[in-house]
């Protein structure tokens, strides 16, 4: 949580002003709070105002539980004209029929109540063939969007104004389910009456449990930001605000620790729940520590919020110094499932239907650190629930090489990364070429390419994960897309050690600072690099015992200049046994070059070898 002031985890209920997009509001809140992880709970059109819940930090992991929340609006519908945009922003075209009386409008509203089929506006953000519908409409080719099922629980006239008898207006109070377009309701009402109608004004008065009376204006939020983080934090609701309708289970301290490790538990205090019911998981102080479900008499954790009062840090342990005896030969690679043979596919377009149903995670997976291992474990579980194979999409180059022109030094050789993915139980690995064309591919186009080749079960993502052009493919966006396209998104809580998220960037920082023990703790194993032997008598003033040095095909993450005790072994590759490095030696680093003593390995020129940096293993 180092990316924001402490306490910036919660829900900020914003009273959006007209003229702002929902994205504008979220961007402003990010700047004011210093919080990178932020998202809203349902788009409001720019001309609309009212309730916009913004989820910050850890609360972003709970957005999915609010996506189906009922919304309430106060809408002004203008009769006697129609608009291409179905609202006041479009050019108005007079209606053909006479203006309606209030009684006629009240009668016509009956067809708008309950479960209905509704056609979204042509000027909407929905995508058609990878392009936004509003862009197509602006180009003169408005798309014919398919009908969608929505529910309008209540719609009533609260004000009627016939001052202009040719253009009467009605103010409606509306309660509806997620995905309802109020512009479409106005348009359809006008078509039903034969006079035309459009939306003249819209205020969202409630979004689920969040109401306009308790919302904060942008000016109020700016004033709080000027006073400091404490004033801003005082505006936030708890991350679990509004989830009271979901049942709960209270765990003992031992049960809490087990759930934090991802284990299912049979609680001492049985909750009032039916099979497959969602549950809020509370510790013995009744503080939320996660979300899960009730299955066969057990609590099945689905996401865990470590450090929210439970005092549990997943995978944490004392990092005290180990004795010299802890420096033993590198352990063999631990396999999740013996006999797994991962299929490696050279790009998304090489996927074929015979690979079966796939549940995917997308990322570089540099280092395959403890956070990655946790995500892959949750991916395997999600795939099993979906009757699918666990699969990943990774890249042949780090995206930053294309985006920023300079790739970060890697923590894991690309070939070794594939070996470790196979050992982690991944059955299909797609190695996608990353170039400018892929960089500018939108997330829905990226998903469509995958789905055109295989049966896509879904994606496993952490709350801050994103892919696609400008990283718009967030868990929230993918969840919405999946609801339309028939795949699921499994949100996996971030893996924390001592309350901090394990990140490749932090491991690189520790390596370059010389903290190899700290890097080992985050990686879950010692740092290693793989290079090719080349003859050299000396490198930049440093010499190796045998006069050999390593060259690297990719930039690698190295500790500071100096001489290090290392273990040496053959490089790893798919299809060959990943033998541990066992030969002791030294590696001398100077100005980014690495000289090694390879006398015990029998290494030959042109051979790839692994260099494992020996550091004491943390005590458990």
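The values are calculated or read from the model by the stated rules, or taken from the named source; none is laboratory data. Here the structure is a predicted model, which means the values were calculated and not measured. Note that each Cβ is placed from the backbone with ideal geometry, even for glycine, and that neighbours are counted across all protein chains shown.
Considering only residues in region 396-423 that are under 18 Å from residue 348 (Cα atoms) and at pLDDT below 90, the one that is surrounded by the fewest Cβ atoms within 10 Å (Cβ to Cβ) turns out to be 396. Based on what the data block shows, is residue 105 over 17 Å from residue 180 (Cβ atoms) and at pLDDT 95 or above? Considered against the rule, which asks whether it is over 17 Å from residue 180 (Cβ atoms) and at pLDDT 95 or above, residue 105 comes out as yes. For region 140-165, enumerate the residues that are touching a helix residue (DSSP H, G or I) at 6+ places or on another chain (Cβ under 7 Å) and over 18 Å from residue 100 (Cα atoms). 142, 143, 145, 152, listed by residue number.
Restricting attention to region 8-35 and to residues that are under 15 Å from residue 232 (Cα atoms) and in a loop (DSSP other than H, G, I, E, B), the residue that is modelled with the lowest pLDDT turns out to be 8.
Please enumerate the residues belonging to region 351-376 that are part of a strand (DSSP E or B) and buried (at least 24 other Cβ atoms within 10 Å of the Cβ).
Across region 351-376, the qualifying residues are 358, 359, 360, 361, 362.
Only one of the numbered conditions (1) at pLDDT below 90; (2) outside any helix (DSSP H, G or I); (3) touching a strand residue (DSSP E or B) at 6+ places or on another chain (Cβ under 8 Å) is not met by residue 5, and that is (3). Kindly provide the set of residues from region 245-269 that are in contact (Cβ under 8 Å) with a residue 24 or more places away in the chain and part of a loop (DSSP other than H, G, I, E, B), ordered by number. Matches in region 245-269: 246, 247, 251, 252, 261, 262, 263, 264, 266, 267. So, of the residues in region 265-284 that are crowded, with 17+ Cβ neighbours inside 10 Å and touching a helix residue (DSSP H, G or I) at 6+ places or on another chain (Cβ under 8 Å), which turns out to be nearest to residue 241 (Cα to Cα)? Within region 265-284, the match that is nearest to residue 241 (Cα to Cα) is 281. Within region 103-112, the residues that satisfy the criterion of being loosely packed, with under 14 Cβ neighbours inside 10 Å and either in contact with a strand residue (DSSP E or B) (Cβ under 8 Å, 6 or more places away or on another chain) or within 14 Å of residue 155 (Cα to Cα) (or both) are 107, 110, 111. The residue pairs whose first member lies in region 467-478 and is touching a residue at least 60 places away in the same chain (Cβ under 8 Å), whose second member is crowded, with 21+ Cβ neighbours inside 10 Å and assigned to a helix (DSSP H, G or I), and whose beta carbons are closer than 6 Å, counting only pairs six or more residues apart or on different chains, are 476/63. Considering (1) surrounded by 21 or more Cβ atoms within 10 Å (Cβ to Cβ); (2) touching a helix residue (DSSP H, G or I) at 6+ places or on another chain (Cβ under 9 Å), the lone condition that residue 229 does not fulfil carries the number (1). Residues that are farther than 30 Å from residue 154 by Cα, within 27 Å of the chain's Cα centre (by Cα) and touching a residue at least 60 places away in the same chain (Cβ under 8 Å) do occur in region 289-301. For region 205-242, a residue qualifies if it is on the phi > 0 side of the Ramachandran plot and touching a strand residue (DSSP E or B) at 6+ places or on another chain (Cβ under 9 Å), and the qualifying residues are 208, 242.
Residue 529 - would you say it is at pLDDT 90 or above and not assigned by TED's automatic domain parsing to the domain that holds residue 343? Answer is yes for this residue. Return the only residue of 318, 310, 329 being modelled with pLDDT of 50 or more and not assigned by TED's automatic domain parsing to the domain that holds residue 420. Exactly one of 318, 310, 329 is modelled with pLDDT of 50 or more and not assigned by TED's automatic domain parsing to the domain that holds residue 420, namely 329. Here is the figure for region 432-461: residues that are at pLDDT 90 or above and under 26 Å from residue 373 (Cα atoms) total 14. Of all residues in region 270-299, which are assigned to a strand (DSSP E or B) and within 26 Å of residue 10 (Cβ to Cβ)? Matches in region 270-299: 278, 279, 280, 281, 282, 288, 289, 290, 291, 292, 293, 299.
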